[in-house]
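Structure, as structure tokens:
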Amino acid sequence: MKNKKTEFWICNISEMNVTLRDLAISVPAKKGINLLSKHYSFSYDQLKKSMTTGSIFIKRDKIKVSKGPPQENTPPDQTVCKYPIVMRRKIYVPEIEEVTFDEFNFSDEQFADEMSKEFDEDL
């Protein structure tokens, strides 16, 4: 088991990158970082101070402090059916009927005659 002072994990649980100003680091979205690893030069007291009054405290809704590395969520095993059910839709195409109206069956000459008669009557 590792000593408590060799690991200090923080996890960003938000969808965006979070910047910790007093530590001068940016934590990528949905990632965890061990701040006491060899890649960072933070003291344990500096991290405790940030956790009580610093940027880790201010952004506690986005950053969570944990004892170990974050665990990845693995999706449940999905079984594939050998014989999938294929449902086919029957395409409905409505039949369009052409309706003819006898009132509208006349030639252009008949229409012009009717319009001229109505125009003459108005005068």
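The values are calculated or read from the model by the stated rules, or taken from the named source; none is laboratory data. Here the structure is a predicted model, which means the values were calculated and not measured. All Cβ positions, glycine included, derive from the backbone under ideal geometry; neighbour counts span all protein chains shown.
Counting only helices (runs of 4 or more DSSP H) that fall entirely inside segment 26-123 and contain at least 1 residues that are modelled with pLDDT of 90 or more, the qualifying elements are 44-52, 55-58. Scanning segment 4-24 for residues that are within 12 Å of LYS59 (Cβ to Cβ) and β-branched (Val, Ile, Thr), which turns out surrounded by the fewest Cβ atoms within 10 Å (Cβ to Cβ)? Among those that are within 12 Å of LYS59 (Cβ to Cβ) and β-branched (Val, Ile, Thr), it is THR19. Suppose the filter is among the hydrophobic types (A, V, I, L, M, F, W, C), modelled with pLDDT of 90 or more and more than 17 Å from GLY68 (Cβ to Cβ); does LEU20 pass it? For LEU20, the condition - among the hydrophobic types (A, V, I, L, M, F, W, C), modelled with pLDDT of 90 or more and more than 17 Å from GLY68 (Cβ to Cβ) - is met. A search for C-beta distances below 7 Å between a residue of segment 24-50 that is over 11 Å from ILE10 (Cβ atoms) and any residue that is surrounded by fewer than 15 Cβ atoms within 10 Å (Cβ to Cβ) and not small (Gly, Ala, Ser), counting only pairs 6+ apart in sequence or on different chains, returns SER26/ASN17; SER26/THR19; PRO28/ASN17; ALA29/GLU15; ALA29/MET16; ALA29/ASN17; TYR44/LYS5.
Among the residues of segment 25-56, those that are of a type in the set (A, V, I, L, M, F, W, C) and surrounded by 14 or more Cβ atoms within 10 Å (Cβ to Cβ) comprise ILE25, VAL27, ILE33, LEU35, LEU36, PHE42, LEU47, MET51, ILE56.
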